[in-house]
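The structure appears below as structure tokens.
The values are calculated or read from the model by the stated rules, or taken from the named source; none is laboratory data. Everything quoted here is computed from the prediction, not taken from an experiment. To get the accessible areas, we keep the full protein, side chains included, count just its heavy atoms, and leave off ligands, DNA and RNA. Shrake-Rupley method; radii C 1.70, N 1.55, O 1.52, S 1.80 Å.
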Amino acid sequence: MSALPATMINTPLSLMMDTSPTTDTDTLVSTTMDVPPVSLPSTVEETLSHCPRFRILVVGNTGVGKSSLIASIFNVSQEDIDIADGHAGTANINREYTSDDNPRFALHDSKGFEPGSTDHWGIVQEFIRQRSKKGLSIEQRLHALWLCIETPRSGSRLMQTADEELFKFATDCKIPVIVVFTKFDLLCNEFYAKAARFQEEHADSSMVQDQVVNEAHSSLRASIEVFRHQVDLTKRKRILWSHSRQPLSCVGVSTNRHFPGFLHTLEELTDVTRKCLHTQETFVPWAVAQRIDSKQKVETSIEEGSKRYWKDMAKSTVFRDHILKDCLWRIHLDIIKVWNFRDPQGLLIGREFHVQMLKLIEEFVPQPQNRLSTMRHLPVVAALAAIFGPLFPPLAIALGAVGFTVVAIEFLYHKYREAPETALFLEAYIVDLTLFLHELFAIALQSGWQKPLDSKLVSVTFEHYKKTKSGQIHQLIRNNAPSAREAIFPTKTKRNIGDLIREQLTLCEKSNFGSLIGEIDTSSDNTHSNFEPLNSDFGSLIGEVDTSSDNTHSNLEPSNSDDTHFCEHLRAPLMS
């Protein structure tokens, strides 16, 4: 069946719509989608209603790198948070910093305990006490504390006495504390400088690189052991966290994007923070708020979906009597909410993106066994009129414009049918959407660091996913589909949808996005709000992008070191 011609899209009101005449495809396709019916509430919103923001306190001396750390983990502009990292004495711990770029976290900032700041200790202590007292709602409680200390270098003291007291007091109040050693790249550079002098006399460069890694890691571990001794863990033996004592959690991080493995250090911090949380109500807010660790996004999507809408999709009671397209749109919006992209244009919740996702899984639409089989040969407008009458839904028009068959359109606009074929269609959409978002997340981190999504980035990534991943993934989904007998007598051999996604993540994580990143010009397309149709030749985009040409908006702190001195061996885990 041919696509809906442009002349048909501009058909007058009497033939097409009950609203004013449209003038072009973009006007139709850019129209926002309908809100799902109230009888299909958002599972994610229900979870987040108890705790819509993750509340974190960041403590550290002036210049330690708090601003760049927050901007990096939550992907917001430093102008939005504007904490007192560079203005000694101006921090107000009671002020709640939020950002329109990421509404899922609330930040409190405290300066460190510099000489002469004895009064400040009482202010911090009272804040922690008030934000952890019994009876306070989970939304208002403090969920975690990052104690930021610049990574100690040769001869420097690890922490002040007041820092040690803060750690012990927060632990007594059952606030998870993570010690964040910032600017780890500078420590590595110091050891590299020493190794470089050694290299002048020895030609074996690999030995020099190994020496840099081992000595930097050993130095940091030694500092941590000193820290363990300073806080005197035995004084906390009565503090129980669930079934075990709160561990001492330390992470070395770098926000210098030129430092090899800097993303790994940030991922480690997000992972350690998640493991330290002891209140289940904070798990989802943290996973949604952070914008570094894609695995947490995937697992949270699976957990939230499995609560209601991903369960028993072949015989769903929650979808019964609902239009299938509404069921699918609810699933779509919940997944997008978990990923929490920086998407001011709403590209991922727009009709144009949804249409392309539907087109991707059109092969899973069941074959007709009714009157629709005779409608395949009708003109598009006539076929749609036979289904909807004189008033065509906007989504149906958009689907026709990209070549969606009348059979597929009718399937979407029909009420949910309890059948294995329906479940297969829904599963394909969920798996494709989740894995595509995983790929988009990874590419966005590597190519458009701390920039909002734009249509070129989404478009090129989608085309790449469609050409390199979707075929193999669709075959896996089909192979996992139950036979007719298994649909009646279920067995345990069928993997659930979460297992399918996790299995394919292994494939996605092995992808090399280096060449793809070079094709995306994230700085050249920020003025266009429409998701571009994905029918262009992927190869024609090669060489269009130079992501390194737009570093003026970087929120990362400049490094004092020579970036060429960093070696790839530093990608190894920083901590044991």
- Query: In terms of modelled amide H atoms, which long-range or inter-chain residues lie less than 5 Å from the amide H of Ile323?
  - Reply: Tyr416
- Heavy atoms of Ile349 accessible to a 1.4 Å probe, total area in Å² rounded to 10: 80 Å²
- Item | Karplus-derived HN-Hα couplings along region 271-277 (A = 6.51, B = -1.76, C = 1.60, θ = phi - 60°), whole Hz, x at Gly and Pro | 5, 5, 4, 4, 5, 7, 5
- Roughly how many Å² of Lys469 are accessible to a 1.4 Å probe, to the nearest 10? 10 Å²
- Query: Between their Cα atoms, which of Lys66/Lys183; Lys168/Lys297; Lys311/Lys469; Lys315/Lys359; Lys134/Lys168; Lys134/Lys174 are more than 21 Å away from each other?
  - Reply: Lys168/Lys297; Lys311/Lys469; Lys315/Lys359
- Task: Give the accessible area for Phe364 in Å² (nearest 10); use a 1.4 Å probe, count only protein heavy atoms, and leave out ligands, DNA and RNA.
- Result: 10 Å²
- Query: Within the accessible area of region 252-363, what % is carbon and sulfur when the probe is 1.4 Å and the other protein chains stay in place?
  - Reply: 46 percent
